[in-house]
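Asker: Take a look at this one; I'll ask things after.
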Amino acid sequence: MLNGDFFYEQYALVCKAIVNPVRLKIIEVISDRKMNVSQIREKMNISMSNLSNHLSALHLMGVLGREKKGNFIYYFLTDLDLLGVLEKMKKVVGAIVAKRDGLIKKQKRV
């Protein structure tokens, strides 16, 4: 296990690679299976070059693995625990946004 400042640097780099709306959707689309670029693109509404850039960034940071089978490259999550973490974050973000929106509405009424 990494520790100290180096750990926090790596932690931030991986988080930075993930926290992008398109990349979060890619992670959800791939979920717990291997998918090739065409399969992923069918589920996404972006250009092939844009998708390729996001897949490369996620692969470079170690979030996605890839495997060549015949003419296709298949992508997969390197750690399925990420799905649980992101699902928990959805709940946390939803709660924070609801509280924030409630405070904003309350302040506007005053």
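The values are calculated or read from the model by the stated rules, or taken from the named source; none is laboratory data. Note that the structure is a prediction, hence the values are computed from the model and not measured. Cβ coordinates were reconstructed from backbone atoms using ideal geometry, including for glycine residues, and neighbour counts include every protein chain displayed.
Asker: Can you report the number of residues in the stretch 18-44 which are surrounded by 13 or more Cβ atoms within 10 Å (Cβ to Cβ), of a type in the set (S, T, N, Q) and outside any loop (DSSP other than H, G, I, E, B)?
Answerer: 2
Asker: Answer yes or no as to whether K68 is charged (D, E, K, R), under 28 Å from A12 (Cβ atoms) and not in a loop (DSSP other than H, G, I, E, B).
Answerer: no
Asker: Give just the number: which of (1) of a type outside the set (S, T, Y); (2) at pLDDT 95 or above; (3) within 16 Å of the chain's Cα centre (by Cα) does Q39 not satisfy?
Answerer: (3)
Asker: Hey, can you tell me all the residues within the stretch 45-65 that are touching a Lys or Arg at 6+ places or on another chain (Cβ under 9 Å) and either in a helix (DSSP H, G or I) or without any contact (Cβ under 8 Å) to a residue 12 or more places away in the chain (or both)?
Answerer: S47, M48, L51, H54, L55, A57, L58, H59
Asker: Right, another one. Looking only at the stretch 28-44, decide whether some residue is under 24 Å from L2 (Cα atoms) and without any contact (Cβ under 8 Å) to a residue 60 or more places away in the chain.
Answerer: No, every residue in the stretch 28-44 fails to be under 24 Å from L2 (Cα atoms) and without any contact (Cβ under 8 Å) to a residue 60 or more places away in the chain.
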